[in-house]
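Here the structure comes first, spelled out in structure tokens, and everything after it is commentary.
The values are calculated or read from the model by the stated rules, or taken from the named source; none is laboratory data. Everything numeric here is computed off the predicted structure, so don't read it as measured data. Ideal geometry is used to build each Cβ from the backbone, glycine not excepted, and the neighbour counts take in all protein chains shown. Side chains included, ligands, DNA and RNA excluded: accessible areas come from the protein's heavy atoms. Shrake-Rupley method; radii C 1.70, N 1.55, O 1.52, S 1.80 Å.
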Amino acid sequence: MQYTRAADCIQLIVMNNANIRISILAAMAVLSALPITVSVTACAQETGPLRMPPAAAPAARAAAPSDKPDTPAIPPDQIIKRFAAKEDEFLAASNNYNFQRSVHLEEIGPGNKTTGEVEMILEQVVGPDGRRYEKIVKRTESTLQHMEMERGDMGVIDAAPLFPLTTSQLPRYDITYQGKQPLDELSVYVFGVKPHVLDRTHAFFSGVVWVDVDDLVIVKTIGKWVSETGDVMSPQLPFTVFETFREQVGKYWFPTYSRSDDSFDQAGVSVPIRLTIRWTDYKLASGASASVAPATAK
């Protein structure tokens, strides 16, 4: 089977204080407040401490903003600059890694039980010319009863960069500090993110990010992608809001798990569906270096 240019295929990336309770309603409250003008398998290297949500857990679990967030030890604008610099570094490093990605679409029935599903596993590699290529290495037989997933269905993912908040992109966003809270074994700062400069050809992140207090790196995001024409989504699939976790791959924090829950109407009946994306087997491409100079996204 031949590889094809990854840019021509789906790019599956995607979307507060210490005692704030996390819930779907809180997450949607955060997202609705933002103006719309608009896996997990352990990696090949060491992994971080974040635990991925079980299959039955809600996908949207963002914390609501606090009216009076605690003052962080470092000024929020400095935290933003430092995690953006890390995003530059991670973006440059990711261009040197091969990986596999699984895309799992489920129809959900009573009792949160899967009633139909299909999974597609893709391998993405860096070619000798430095370009990224991917191919489907496995596709399970579909048991979906109401819909189907094809390779080109994920328009929302095509438009969404893995590392959206790089230094060059900061002027396009309003980023506000919302507080500090625990996240599994980590202590994290929480920032609300909304774009204030939009166009028709680029997707921009709108949601919430969690930043590790010690390393000042983004370890989790939840949100959607927006453009001048509105929410970015596939014509075939309704998913817009994605919750994405990252884990350590060597010294870098790369995405390893993303999930979105939604529903679609079938003959007047709402059918719950779930999309789960897992990135696994991160490995340096042949001839690539584990240490790279940070590169800023255009």
Nonlocal amide H pairs with Leu144, under 5 Å, H built at 1.01 Å = Glu117
Given 258-267, 236-245, 90-99, the highest-first ranking by average Cβ count within 10 Å works out to 236-245, 90-99, 258-267
At a 1.4 Å probe radius, carbon and sulfur cover how many percent of the accessible area of region 67-124?
-> 47
Sequence ranges 226-234, 195-203, ranked by mean other-Cβ count within 10 angstrom, highest first | 226-234, 195-203
Taking 0.36 nm per residue of separation and subtracting the Cα-Cα distance, what length does fully extending Asp129 through Ser263 add?
-> 44.1 nm
Cα-centre dipole for region 85-178 with unit charges at Cβ (Lys and Arg positive, Asp and Glu negative), debye to 20 | 220
Figure the gain on full extension for Arg82 and Val213 (residue separation times 0.36 nm, minus the Cα-Cα span) and round it to one decimal in nm.
-> 46.0 nm
Counting only residues 5 or more apart in sequence or on a different chain, those whose built amide H sits under 5 Å from that of Ala285 are Tyr97, Asn98
Excluding residues on the same chain fewer than 8 positions from Lys180, give the aspartates and glutamates whose Cα lies under 13 Å from its Cα.
-> Asp67, Asp70, Asp212, Asp214
Could you rank the peptides 208-221, 109-122 by their average count of other C-beta atoms within 10 Å per residue, with the highest value first?
-> 208-221, 109-122
Taking a 21 Å limit on the Cα-Cα distance, which of the listed pairs Lys224/Lys251; Lys138/Lys283; Lys86/Lys220 fall beyond it?
-> Lys224/Lys251
Show the residues, 5+ positions off or on another chain, whose built amide H is closer than 5 Å to the amide H of Ser263.
-> Ile273
For region 159-198: accessible area per residue (Å², 1.4 Å) | 37
Extension length gain for Glu185 and Ser142 (0.36 nm per residue less Cα distance), in nm, is 11.7 nm
Region 198-209 - phi-based ³J(HN,Hα) in whole Hz, Karplus 6.51/-1.76/1.60, Gly and Pro as x = 10, 8, 7, 9, 10, 9, 10, 6, 9, x, 9, 10
Pop out the carbon and sulfur fraction of the accessible area of region 159-298 as a percent, whole number, probe 1.4 Å.
-> 50
